[in-house]
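Below is one structure; the comments refer to it alone.
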Amino acid sequence: MSEKTIGQEMLDKLSYKRRNIYEEATPEKIKAIYDYSEGYKKFLDDGKTEREATEAAIALVEAKGFTEYKLGDKISVGDKRYLNHHGRSLIAFKVGEKDIEREGIKILASHVDSPRLDLKQVPMYEDSGMGFLKTHYYGGVKKYQWTAIPLALHGVMVKADGEVVNVCIGEDDNDPIFYINDLLPHLGAKQAQEPLGTAISGETLNILIGGLPYDDKEVSDKIKLTALSILNEKYGVTEEDFISAELSLVPAFKARDIGFDRALIAAYGHDDRVCSYPAITALLDNADTKDTVMVVLADKEEVGSMGISGMQSAFLVDLIAEISKALGKNEAVVRNNSKCLSADVTACYDPNFADVYEKRNSAMISCGTTMSKYTGARGKSGTSDASAELVGYFRKIFAENDVIWQTGELGKIDMGGGGTVAMYIANQNIPTVDLGVPVISMHAPYEVVSKADVYSTYEAFCAFVK
Ligand code: MN
Ligand code: MN
């Protein structure tokens, strides 16, 4: 090894460089990263909707002794509980012995809804020998990506008598799948001239569900009747039950490793279960912490965090109020002194689309979990813009715990932009900054992350809550 020159030493000391985790990792570390991703992939396959991900998270926390909490229940120091919020969002929390008025609560807030195709309330029809379901897309989808791929039907239907029926078709290898037709290239000359954004319209995202006519010469809509009769036999439902239902089409793909070296993972719904899983496991693996810790898995982030299960709902502050009251603390002071990592994904630099990124300020793959001081669009519009002090607080913790992480913002100025739940939590006077995994092909039916970045996110959350 040659000695470093003074200039090289100075450069190492004074300049900011992203560090590739795989480049620095020992074989043992790489094994730990790969092993951790197995649990994550199972979590992905177990929960493809917010309801299923909530259930999967409940199974994980219950296995470690967390018990269900309902608003109004008694709370005491040492409690390990979870609030199942209408089955669509979750807060798992540990009440620590430290004074929450002085130390605040440590909050990890991710979301478990992902872009998908929801069924309309009167979805079923047939045309030209094929049965279909009408959809209304949920979240920011590139519509052309959803044609000609295997889809699975997930959700619940509430019957006339109030019974709730769980539906899941297309995940088992023996299940049929569902499908959206696309145009053959031979007749696609005109379609090929259309911009990507309009070549496939929302009203053409119709789900192919069958082709077998009901065996009765006298009735019309025979293929639709076959479908309804199968659903009635299997679930006891009628067409009217679609009106009181939440049914979604999601990609039928399982989470899979990518590449010869298996360093990356392809899956549906990394955004944002890739932060939910590290948040839950960080809480469970640090359940002896003296801090009070809350892990939020929110719903409706992809459509603006509205409604009772979204982060604009009062359920987070209601729970903080309940904990504060139970411990005889001033809630306003507790919130003021709390800290929140808004745990959501960011765009990963992609050399295939280099012109929309500003490389110095983009998250690079395998360089670790990514902090975004601000999000937003058109001059930081819609961002809560975390303080330099808050960024400094986390920077210090990560350095002390050898977490390799990076800073990044979502693309070039005025190319677009995006937001997370950070602003809604910050609006409650809880200091909040974004941190999460960089994603390639975000919002596509099959998204890509690096196992190293998933593990780095887990390490960062552990450093925060331990
Ligand atoms: Mn997200
Ligand atoms: Mn998203």
Worksheet, complete the sentence: Set Lys70/Lys106; Lys134/Lys159; Lys64/Lys359; Lys290/Lys396; Lys29/Lys143; Lys41/Lys325, cut-off 30 Å on Cα-Cα distance; pairs above it are Lys64/Lys359; Lys29/Lys143; Lys41/Lys325
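Going highest first, how would you order 240-248, 22-30 by mean Cβ packing within 10 Å?
240-248, 22-30
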Worksheet item: Of all the C-alpha pairs in segment 109-192, what % are more than 22 Å from each other?
Response: 41 percent
Worksheet item: What are the principal axis extents of the Cα atoms in the chain, in Å, biggest first?
Response: 86, 58, 43
Practice prompt. With r as the distance between the Cβ atoms of Lys412 and Ala314 and R0 = 51 Å, compute the FRET efficiency 1/(1 + (r/R0)^6) and round to 0.05.
Written response: 0.90
Worksheet entry | Distribution of pairwise C-alpha distances over segment 144-230, 10 Å bins, in % | 14, 31, 33, 18, 4, 0
Worksheet item: If the label point is 7 Å along Cα→Cβ of Tyr22, which residues in segment 357-393 have backbone nitrogen under 19 Å from it?
Response: 363-370
Worksheet, complete the sentence: Taking a ≥ b ≥ c as the square roots of the eigenvalues of the Cα gyration tensor, with a/c under 1.5 meaning rounded and otherwise prolate when a/b exceeds b/c and oblate if not, segment 99-157 is prolate
Fill in: Packing rank of 190-198, 61-69, where each peptide gets the mean count of other beta carbons within 10 Å, highest leading
61-69, 190-198
Item to complete: Divide the volume of the convex hull of the Cα atoms of segment 160-307 by its number of residues and quote the answer in cubic angstrom per residue.
Response: 261 Å³
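Taking all protein chains as present, what is the carbon and sulfur share of the accessible area of segment 163-237, in % to the nearest whole number, probe 1.4 Å?
55 percent
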Discussion item. What is the sum of charges, Lys and Arg at +1 and Asp and Glu at -1, for the other residues whose Cβ falls under 13 Å from the Cβ of Lys134?
Written reply: -3
Discussion item. Below 14 angstrom from the Cβ of Thr238, what's the summed charge of the other residues (Lys, Arg +1; Asp, Glu -1)?
Written reply: -3
Worksheet item: Alpha carbon centre of segment 173-230 versus segment 119-149: separation in Å?
Response: 8 Å
Item to complete: Over the chain, give the accessible area per residue in Å² for a 1.4 Å probe, as an integer.
Response: 47 Å²
Worksheet, complete the sentence: Mean shadow area (nm²) of the C-alpha convex hull around segment 22-138 is 13.4 nm²
Worksheet entry | Protection proxy ranking of 430-443, 223-236 - average other beta-carbon atoms within 10 Å, highest first | 430-443, 223-236
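The values are calculated or read from the model by the stated rules, or taken from the named source; none is laboratory data. Everything numeric here is computed off the predicted structure, so don't read it as measured data. Don't worry about glycine lacking a Cβ; one is built from the backbone with ideal geometry, like all the others, and counts go over all protein chains shown. What goes into the accessible areas is simple: the full protein's heavy atoms, side chains included, and nothing from ligands, DNA or RNA. Shrake-Rupley method; radii C 1.70, N 1.55, O 1.52, S 1.80 Å.
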